Amino acid sequence: MPALPLMRVGVWLIVLGLFVTPLALVVALAAGGNQIPVLLDQGLGTAVWNSTYTTLLSALGATVVGTAIALLLDRTNARGTTVLRLFLLSPLLIPPFIGAIAWLQLFGPNQGLNRFFGTEIWNIYGADGVTFLLVLHSYPIVYVIVAAGLRSIPSDLEQAARISGAGTSTVLRTVTLPLLRPALLSAFTLTAVANLADFGIPALLGSPARFETLATMIYRFMESGTVANPLQTVSTIGVVLLFLGIASVTADHLVSRWAGSKLQDTGQALRFDLGAARWPVTIVAWVLGLAVTLGPIMGLAYRALLPAPGVPFTMDTITLDNFRRSIANPRVVEGFSNSVTLALSAAVICGVLGWIIGLLVTRTRFLGNTALTLTVLLPTALPGLIIGVGWLILGRYTGTYNTMWVILGAYVCAFTALVLQAVRAPLQGTPLAVEEAARISGAGRLWALLSTTGAMAIPAAFSGAVLVAVTAVRELTVSILLIAPGTTTLGVQVFNLQQAGNYNQASALSLMFAVVGIVALALTVRSPKVRS
Amino acid sequence: MRHFFSRRTTLAVTAVGASAALLVACSEPAEDTATTAAETTAAENGTASTAAATGETTTITVYTSEPEEKVDEINAAFEAANPDIKVEVYRAGTGDLNARIAAEKESGSIEADVLWAADSATFETYKAAGDLAELQDVDTAGLIEEAVDADNHYVGTRIIPTVIAYNTDIIDEADAPQSWADLVDPKYAGQLVMPDPAVSGAAAFNASVWKNDEQLGEDWINTLGENQPMIAQSNGPTSQEIAGGGHPVGVVVDYLIRDLADAGSPVAAVYPTEGAPYITEPAGVFEASDNKEAAERYINFLLSEEGQQIAVEQAYLPVREDVGTPEGTPPLHEIALMTPDLQVVTDDKDAAVELFQNAMQ
């Protein structure tokens, strides 16, 4: 068999094993009985509506914010972008439920700023708070994908427009943004699908205001014991989410048929001169950037330094005990090393798998390509708990239960979509000519693909893999059902502290690994070399 | 090519990642062998009741919702007293425990030996499904009657009452509410916080107890709703909200308030005069367990004077009268508990949750 079909078969086998099987197990669980009437009675309709509109709004918001940041940081001459980039990426490193706790410090009723000003500026509980936090925790993903897309836009087109007399905004509006369309679409779909499944934010900010999403509804059925067969019921909600996921991925697919354009990546990127607006833009960007990122970090630090909530913050009361106790806890140390190992392994596997799948679905014409994309993206739409259930059962049948392997498998299943979405846009943009040139020079079809287009997509795959690593290292809901003695993860440790009512130590722990993460990012992230 | 990540660091990170992957690949089989060894030991234990004599170690697995730090202390003491038994713990919230158990049943049999979590209602469900073994050698003499199951399939290990708590910076001790009836006073409008009965099993139980109480009943729940309490997800966030002062008066389990007060938070608990609904965090042995004898020894330790002493030090109310109560807490017999008919309360739970939700809209 020729090399390319062989690879396709191999990829499909992996996808069947790691993606289709666990999802099928969930569907099979749901099919065991008709739970829809019970669910409708319990407010399924409202939850679907709440999930849908917060998801769409937050994905739209994240796409706008993430794109604006990408343009600002990578394409303008605003000052201090290298450091600013680190701050702006920091929400990636804070687990969403910890982010929610941190923002509660600032905008909860009678808390933080609301107390400081003696009047309620903003009550964070409710749909608006949920949407805001979802935007905040997903725009960095958009940034990484759009930044990768921006790099593949040839600057000669922008320069041509410039030469013809177009101003910065005209170039942006008529050249850059239209060319970014595939990347924007990838980013929008990914954040929409991922926000659909987010649990921590609606749990902490939505539930107290009686605002229920599908993910918190799952939790409610799991916890309360008010339904006869919780596993079957939540699997049914999982299937509802699968349908929503299928709808959004299909929409993505339909739109992307018109969005695709083949471009040649040439030369250095253009930096727009902001002119007189340079300093105002820089200042506004820094103020906003610091407000949304340092704000919650300060909130966390405030919490972490106090021994307990309600203790006044003075030099006498603050203590490093929460940090000391976190480090002294053997399970935290174990969870840290497990999470780092799992995150790096998942990043490597997802990076390679996502890169190959991206090549297959964008660069070859084959009937099953859409199905392949769909299958890889779908697990992202499922709350981690449901992926956990699927993998738990799969693990029992394959003998990997209670080992690290089952968690690693679940991570690959849950996070490969991050890499696929990061590579799809740049891959779609590469012209067919380069592969043809390689083939003319005698390369086989697979080699021509890998050595030309494939090689060009490696930076995007790497960005995607970094996203996988930072997401997996703080991940909670996938692993909570799969851990065993010796295979606990960092996210589960933080969550256990939070559940035990120990918010202060949970804050200390999350603050420590946010800082470790920022340092790690600082070492890997370099600003693109760009001439101005 | 222009990179978001510089090429050198790309290489370095890839190398680190690859070696990490290799490390996992190398270390994992070893762990597998260890698991297999443990499983073999476990399998042998059907015949190894004499394990202690021959110096073999039995490993039991406990599924619990106890906070990790607390279960660590218990296990250390247990293993010191029982060197032939090793305890492994899977710790998660009750809902996650239920999910794990259900998924294990779906694909074979339950892997744990001991379940130690939640409330009688949860255990009644497992008992009805035939998942729990009848306890053979668990010593319930000396326990208060609230802890004992008549069918002897599980036994309560702590008394966890739900009480009224308040922030002492904001509310004077003299003004603090003393009874459930006090909470409907309009002066507490917008000041209250309580856990969500639709999410927390214990809170659902409480709602049903209140609804079926002669003095309180539906009227009390409806009037309470007029004070617009904040509904937090569960007990943890509720206690934080009280201590932080966001809502200075709340309804919450008592030990969280003692924990916070010990750590310095300005909070205090009041045992309501009408009585407090409570759960007992029972322990039971799974029918599928191969280590029933070791599992029962573990439960016996939880109930023993030493085990209960630890519970008291960990700010819990014990299930024995002879170990005292945590500092600053009235003695066990002075605390009024609401002891309704368990069957009535369980059957009426769904209706109570619905009533509660409608009242709090």
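Evaluate the Kirkwood expression for the hydrodynamic radius of segment B:53-102, namely the inverse of the mean inverse distance over all pairs of different C-alpha atoms, and round to one decimal in Å.
After inverting the mean inverse Cα-Cα distance, the result is 11.9 Å.
May I ask you to evaluate 6.51 cos²θ - 1.76 cosθ + 1.60, the Karplus curve with θ = phi - 60°, for each residue of segment B:105-112 and list the ³J(HN,Hα) values in order in whole Hz, giving x for glycine and proline?
Each residue's phi maps through the Karplus curve to give 5, 4, 10, x, 10, 5, 8, 8 Hz.
Report the Cα-based extents of the protein assembly as shown along its three principal axes, largest first, to the nearest Å.
Largest to smallest, the principal-axis extents are 89, 67, 53 Å.
What whole number of Å gives the distance from the Cα centroid of segment A:166-233 to the Cα centroid of segment B:114-154?
Answer, in whole Å: 42.
Mind putting together the pair-distance distribution for segment B:207-361? All Cα pairs, 5 Å bins, whole percent per bin, short to long.
Values per bin, smallest distances first: 1, 8, 13, 16, 18, 17, 14, 8, 4, 1, 0.
Mind listing the long-range amide H neighbours of B:Val253? Cut-off is under 5 Å, sequence gap 5 or more, other chains count too, H placed in the peptide plane at 1.01 Å from N.
B:Val163
State which helices in chain A qualify, where a helix is a whole DSSP H run, it must extend 24 Å or more along its own axis by its Cα atoms, and its mean Kyte-Doolittle hydropathy must be at least 0.0.
A:44-75, A:127-151, A:177-197, A:230-259, A:278-305, A:330-363, A:404-429, A:503-524
Would you kindly derive the ³J(HN,Hα) couplings of segment A:119-124 from the backbone phi angles with the Karplus curve 6.51 cos²θ - 1.76 cosθ + 1.60 (θ = phi - 60°), listing them in order in whole Hz, with x for Gly and Pro?
Along segment A:119-124, the couplings run 9, 7, 6, 7, 9, 6 Hz.
For B:Leu317, what residues show an amide H to amide H distance below 5 Å, using hydrogens built from the backbone and excluding near sequence neighbours?
B:Ile159
Write down the percent of antiparallel bridges among all DSSP beta bridges whose residues are both part of the protein assembly as shown, to the nearest 5.
Values: 21 of 38 bridges.
Antiparallel: roughly 55 percent of the beta bridges in the protein assembly as shown.
Which whole number in µm²/s is D for segment B:276-361 by Stokes-Einstein, with the Kirkwood Rh taken over Cα pairs at 4 °C and 1.567 mPa s?
So the translational diffusion coefficient is about 81 µm²/s.
How about segment A:284-352: which chymotrypsin sites (Phe, Trp or Tyr not before Pro) there lie in a loop by DSSP and see at most 11 other Cβ atoms within 10 Å? Intermediate values should be presented prior to the final figure.
On the way: sites: A:Trp286, A:Tyr302, A:Phe313, A:Phe323, A:Phe336; in loops: A:Phe313.
For chymotrypsin sites (Phe, Trp or Tyr not before Pro) across segment A:284-352 that sit outside H, G, I, E and B with at most 11 neighbouring Cβ atoms in 10 Å, the list reads A:Phe313.
Tell me the GluC sites (Glu not before Pro) within segment B:160-269 that lie in a loop according to DSSP and have at most 14 other beta-carbon atoms within 10 Å.
Hits after loop and neighbour filter: B:Glu214.
Pull up the cross-link candidates among the aspartates and glutamates for B:Lys105, meaning alpha carbon to alpha carbon under 16 Å and not fewer than 8 places away within one chain.
B:Asp96, B:Asp113, B:Asp131, B:Glu287, B:Asp290
Looking only at trypsin sites (Lys or Arg not before Pro) in DSSP loops with at most 11 other Cβ atoms within 10 Å, what is the longest site-free stretch of chain A?
Value returned for the longest uninterrupted segment is A:1-261.
Would you pull out the residues with amide H under 5 Å of B:Glu88's amide H, same chain only if 5 or more places away, H placed 1.01 Å from N?
B:Ile60, B:Thr61, B:Val62
Since every read-out is calculated from the coordinates, none of them should be taken as a lab result. Owing to the predicted nature of the structure, the values given are computational and were not obtained by experimental measurement. As a convention, Cβ positions derive from the backbone with ideal geometry for all residues, glycine included, and neighbour counts pool all protein chains shown.
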